[in-house]
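Novice: Attaching a single structure in structure tokens format; questions to follow.
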Amino acid sequence: MSESSARFHVGQIIQHQLFGYRGAVFDVDPTFAGSEAWYDEVAKSRPPKDAPWYHVLVHESSHTTYVAERNLIADPEPAQIDHPMLGDYFNLYDGTRYLTGAPTN
């Protein structure tokens, strides 16, 4: 997806507005890409399907989550997260976000 239409980007540290957890975005879908059954069961607040949705590594957890854009805010104090799959997606933390690829000098 072109991240230009998304408010958040891969590697950004976010917070969930309703549940308070922090995490790092590892993928972005331009619109909801889950199943109708999942949406009916999990998305209780009925966020819009035609806006971006984010795949997030949840801090101090071993699971990931799928979250609608309207439920997220940028973490005002981005700090590293602790997640066992972090190295599968990122290899560098620049002090505010996670990056892929080799560092440049």
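Novice: Please report 59, 9, 16 as a ranked list, fewest other C-beta atoms within 10 angstrom at the top and most at the bottom. Intermediate results must be reported in sequence, preceding the final value.
Specialist: Numbers: 59 19, 9 12, 16 16.
The fewest-first ordering by Cβ neighbours comes to 9, 16, 59.
Novice: Which value, in debye to the nearest 20, gives the size of the charge dipole of the chain about its Cα centre, when Lys and Arg are +1 and Asp and Glu are -1 at the Cβ?
Specialist: Working: 7 positive and 14 negative charges, 46 e Å.
It comes to approximately 220 debye.
Novice: For 13, 73, which order do you get if you count the other beta carbons within 10 Å of each Cβ and list the fewest first?
Specialist: Working: 13 23, 73 11.
Ordered from fewest to most neighbouring Cβ atoms within 10 Å, 13, 73 come out as 73, 13.
Novice: Starting at the first residue of the stretch 83-90, write each ³J(HN,Hα) from the Karplus equation 6.51 cos²θ - 1.76 cosθ + 1.60 with θ = phi - 60°, in whole Hz, x for Gly and Pro.
Specialist: 8, x, 9, 3, x, 6, 10, 9
Novice: Give the residue from 96, 47, 30 lying farthest towards the positive end of the charge dipole for the stretch 3-99; charges sit on Cβ (+1 for Lys and Arg, -1 for Asp and Glu) and the dipole is referred to the Cα centre.
Specialist: 47
Novice: Compute from the Cα atoms of the stretch 3-99 the Rg and the Dmax, the latter being the longest Cα-Cα distance, and quote both in angstrom.
Specialist: 12.8, 38
Novice: Continuing with this model, one more query. Under the rule of at least 5 residues apart or a separate chain, name every residue whose amide H is placed under 5 Å from the amide H of residue 21.
Specialist: Hits under the 5 Å cutoff: 16.
Novice: What list do you get for 57, 18, 99, 86 if you sort them by fewest beta carbons within 10 Å? Mind showing how you got there, number by number?
Specialist: Numbers: 57 24, 18 11, 99 14, 86 17.
Least crowded to most crowded, the residues run 18, 99, 86, 57.
Novice: Something else about it: Quick one: net charge around residue 95, please, counting Lys, Arg +1 and Asp, Glu -1 for every other residue with C-beta under 14 Å from its C-beta. Can you show the working numbers first?
Specialist: Numbers: positive: 97; negative: 75, 77, 94.
Cβ neighbours under 14 Å give a net charge of -2.
Every number here is computed from the coordinates shown, using simple stated rules; none is lab data. In this text, all values refer to a predicted model and were calculated from it rather than measured experimentally. Here the Cβ is made from the backbone with ideal geometry for all residues, glycine too, and neighbour counts use every protein chain on show.
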